[in-house]
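Participant: My questions will all concern the structure given below.
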Amino acid sequence: NPCVGLPTGAGKSIVIAWTIAGWLKKAPWLRVVVLAHRQELIEQNAAELEGLGCLPTVGGYSAGLGSRDTQTPVTYAVIDSVYNKAREFGQVDVIIVDEAHRIPAKGEGKYRTFIADTIEGNPACRVIGFTATPFRMGCGPICHPQHILNKVCYEAGVADLIADGFLCPLRAKVSEH
């Protein structure tokens, strides 16, 4: 179960959308659930995928949005709304966790509950994390062979993204006060 480390502003939402679109072109039967902790994130992420315009129905599951889709090929869900409802989704092949540093390294938690229940229904289900911070103070790396996420498979730094033209250069602004 890999993790992708991209800094704030690097475009995690569009990278997630391109990833899902690529998978569905090769395996249109695939079922994907994208988890986030806020409805604004699921709206933003879903809009990126829908903006590609080449995919089947995209659903959402959020109490705050009044949406409870469980059978769409791709469902964007707020973890607080679905953590104890994994069985309602049927067989899920891939879970993507946006802001994956929110998955607790140990113990219980809403992400762990949803992931465990989903894997119980489909032991072949894979979990992929996206985060700007694959290292957390107090618990260390979020990826470890014994954790849900096992290894950082790709990481880009701010300096590399600036050098490659994906982010604008940083400039200091001096105040005249």
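Participant: Among the residues of segment 35-59 satisfying the criterion of being under 21 Å from ASP117 (Cβ atoms) and touching a helix residue (DSSP H, G or I) at 6+ places or on another chain (Cβ under 6 Å), which is surrounded by the most Cβ atoms within 10 Å (Cβ to Cβ)?
Facilitator: Among them, the one singled out is LEU35.
Participant: Quick one: how many residues across segment 72-85 are touching a residue at least 40 places away in the same chain (Cβ under 8 Å), part of a helix (DSSP H, G or I) and open to solvent by 10 Å² or more (accessible area, probe 1.4 Å)?
Facilitator: The total comes to 1.
Participant: Cβ-Cβ distance below 9 Å, separation of 6 or more or different chains: which pairs start in segment 20-45 with a residue that is more than 18 Å from ALA86 (Cα to Cα) and in a helix (DSSP H, G or I) and end on one that is among the aromatic types (Phe, Trp, Tyr) and open to solvent by less than 10 Å² (accessible area, probe 1.4 Å)?
Facilitator: From residues that are more than 18 Å from ALA86 (Cα to Cα) and in a helix (DSSP H, G or I), the pairs are LEU41/TYR76; GLU43/TYR76; ASN45/TYR76.
Participant: Report yes if some residue within segment 107-122 is more than 18 Å from GLN39 (Cα to Cα), open to solvent by 50 Å² or more (accessible area, probe 1.4 Å) and in a strand (DSSP E or B); otherwise report no.
Facilitator: Checking segment 107-122: not a single residue is more than 18 Å from GLN39 (Cα to Cα), open to solvent by 50 Å² or more (accessible area, probe 1.4 Å) and in a strand (DSSP E or B).
Participant: Being in contact with a helix residue (DSSP H, G or I) (Cβ under 9 Å, 6 or more places away or on another chain), touching a residue at least 12 places away in the same chain (Cβ under 8 Å) and open to solvent by 50 Å² or more (accessible area, probe 1.4 Å) is the filter here; which residues of segment 155-169 pass it?
Facilitator: PHE166
Participant: Which ones in segment 123-140 are open to solvent by less than 90 Å² (accessible area, probe 1.4 Å), at pLDDT 95 or above and outside any strand (DSSP E or B)?
Facilitator: ALA124, CYS125
Participant: Do we find that ASP98 is among the charged types (D, E, K, R), crowded, with 19+ Cβ neighbours inside 10 Å and either touching a residue at least 40 places away in the same chain (Cβ under 8 Å) or closer than 18 Å to TYR154 by Cα (or both) in this structure?
Facilitator: Values: among the charged types (D, E, K, R): yes; crowded, with 19+ Cβ neighbours inside 10 Å: yes; either touching a residue at least 40 places away in the same chain (Cβ under 8 Å) or closer than 18 Å to TYR154 by Cα (or both): yes.
Judged against the criteria, ASP98 is a match.
Participant: Shifting gears a bit: I need the full set of residues from segment 5-19 which are open to solvent by 20 Å² or more (accessible area, probe 1.4 Å) and either in contact with a Phe, Trp or Tyr (Cβ under 6 Å, 6 or more places away or on another chain) or outside any loop (DSSP other than H, G, I, E, B) (or both), in order please.
Facilitator: LYS12, ILE14, VAL15, TRP18, THR19, listed by residue number.
Participant: Answer with yes or no whether ASP69 is open to solvent by less than 30 Å² (accessible area, probe 1.4 Å) and of a type in the set (Asp, Glu).
Facilitator: Answer is no for this residue.
Participant: Scan segment 142-154 for residues that are farther than 14 Å from GLY5 by Cβ and crowded, with 17+ Cβ neighbours inside 10 Å and report the count.
Facilitator: Count: 2.
The values are calculated or read from the model by the stated rules, or taken from the named source; none is laboratory data. Being a predicted model, the structure only gives us computed values, none of them experimental. When we count neighbours, we look across all protein chains shown, and the Cβ atoms used for this are built from the backbone with ideal geometry, even at glycine. Calculation scope for accessible area: heavy atoms of the full protein, side chains included, ligands and nucleic acids excluded. Shrake-Rupley method; radii C 1.70, N 1.55, O 1.52, S 1.80 Å.
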